[in-house]
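A short write-up of the structure that comes next.
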Amino acid sequence: MSDNLSKLIKTSNKMIDVATGMLQACQLKRKKVYSHSRFAASFFLRRSWEMFESFLILVKEGRIIDSALLLRSFLDMGITLGYIFAKDIDETESEKRAYLYLIEGNCYQLKLANSNLNGFRKFESNIDERRDELEKQVKDLETDFKKRYGEEEQKFPSSIEERAKQSNYDILREVYDQSYRVLSSIEHHSFFFGQDYVDSDECEPLKEINHLERHPQLKLVVSLFYFRSIFIEILNVFNNVFRLDWEKQITELRALQDEEYVLLRE
């Protein structure tokens, strides 16, 4: 492991410590009320924290491709959060987007159940009841959404590219353009990517694989830096939604991130 990577890992743990402190501060607040946006912010904070810890394990083990796969999943989540809490929109719009995200999740589960109902019936005796329950939930949520906001039916953007654009976060647009597209080709285990694993002349698996020879943009220091950039934005959203007054700590993390940018070039 390089010295630069070790430094990034060490300061990454500080970022996780900040997340821990923010969670404790949130738990100490009294008279919290439910909102879809708060639910989304809480989910994304806790899930991103968990993913960050897993990501660091992979980085320490030098697992370049597996780190890249987890990074792609994390970017997907970060971009989705960025869309819900886009810059230059008010709390009402964020609440609407969070509501649509909830509806979209239920619609996806319903679509999944309907797509292979006979298969599910073999293993889940109550799948029909579950499917009916989901249909009712989706209908009730869509009706309530229209009643609350008095608008025609809206949909949560299915395109991750569209979410990145509408987030108005420069960092999210940047990671989508520079990283997400490449990571997607790895995610789907395409035949092109499979060439990294096979000796074409002998048509046999390679024992040693040099991923960076073909994908230099997957350097672990770069992947970790991107991961941290999105994690800081998630912390910032969580801080704002729950009004925790942790701006100082987040500003310090941003300064640390800026300082360590030079480590990517060495």
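The values are calculated or read from the model by the stated rules, or taken from the named source; none is laboratory data. Model, not experiment: these values are computed from the prediction. Backbone-built Cβ (ideal geometry, glycine too); neighbour counts: all protein chains shown.
A compact table of results
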quantity: Unique match (being part of a helix (DSSP H, G or I) and in contact with a Gly (Cβ under 7 Å, 6 or more places away or on another chain)) among Glu213, Glu233; calculated: Glu233
quantity: Only one of Phe120, Phe52 that is at pLDDT below 90, touching a helix residue (DSSP H, G or I) at 6+ places or on another chain (Cβ under 7 Å) and surrounded by 15 or more Cβ atoms within 10 Å (Cβ to Cβ); calculated: Phe120
quantity: Subset of the range 244-263 (residues that are touching a residue at least 60 places away in the same chain (Cβ under 8 Å) and either out of contact with any Cys (no Cβ under 9 Å at 6 or more places or on another chain) or part of a helix (DSSP H, G or I) (or both)); calculated: Trp246, Gln249, Ile250, Leu253, Leu256, Glu260, Leu263
quantity: Residue within the range 151-167 that is in a helix (DSSP H, G or I), of a type in the set (A, V, I, L, M, F, W, C) and over 24 Å from Phe85 (Cα atoms) present; calculated: no
quantity: Criterion: in contact (Cβ under 8 Å) with a residue 24 or more places away in the chain and under 14 Å from Leu220 (Cα atoms) - qualifying residue of Ile79, Ile9, Ile84; calculated: Ile9
quantity: All positions within the range 58-115 that are loosely packed, with under 15 Cβ neighbours inside 10 Å, among the basic types (Lys, Arg) and in a helix (DSSP H, G or I); calculated: Lys60, Lys111
quantity: Every residue from the range 98-113 that is free of Cβ contacts under 8 Å to residues at least 60 places away in the same chain and either closer than 16 Å to Asp140 by Cα or in contact with a helix residue (DSSP H, G or I) (Cβ under 7 Å, 6 or more places away or on another chain) (or both); calculated: Leu100, Ile103, Glu104, Gly105, Asn106, Cys107, Tyr108, Gln109, Leu110, Ala113
quantity: Lone unmet requirement of (1) over 25 Å from Ile103 (Cβ atoms); (2) surrounded by 12 or more Cβ atoms within 10 Å (Cβ to Cβ); (3) polar (S, T, N, Q) for Asn210; calculated: (2)
quantity: Candidate set from the range 226-266 (those that are of a type in the set (Phe, Trp, Tyr) and crowded, with 18+ Cβ neighbours inside 10 Å); member that is nearest to Arg173 (Cα to Cα); calculated: Tyr226
quantity: Only listed residue being under 16 Å from Leu224 (Cβ atoms), modelled with pLDDT of 95 or more and either assigned to a helix (DSSP H, G or I) or among the polar types (S, T, N, Q) (or both), chosen from Asn13, Asn4; calculated: Asn13
quantity: Residues satisfying the stated conditions in the range 134-173, i.e. surrounded by 14 or more Cβ atoms within 10 Å (Cβ to Cβ) and free of Cβ contacts under 8 Å to residues at least 40 places away in the same chain; calculated: Leu134, Glu135, Gln137, Val138, Glu142, Glu161, Lys165, Arg173
quantity: Of all residues in the range 22-39 being surrounded by fewer than 13 Cβ atoms within 10 Å (Cβ to Cβ) and in contact (Cβ under 8 Å) with a residue 12 or more places away in the chain, the one that is farthest from Tyr101 (Cα to Cα); calculated: Lys29
quantity: Any hit, the range 230-245, residues being modelled with pLDDT under 90, out of contact with any Asp or Glu (no Cβ under 7 Å at 6 or more places or on another chain) and on the phi < 0 side of the Ramachandran plot; calculated: no
quantity: Residue selected from the range 179-207 under the condition assigned to a helix (DSSP H, G or I) and among the small types (Gly, Ala, Ser), by the criterion surrounded by the most Cβ atoms within 10 Å (Cβ to Cβ); calculated: Ser179
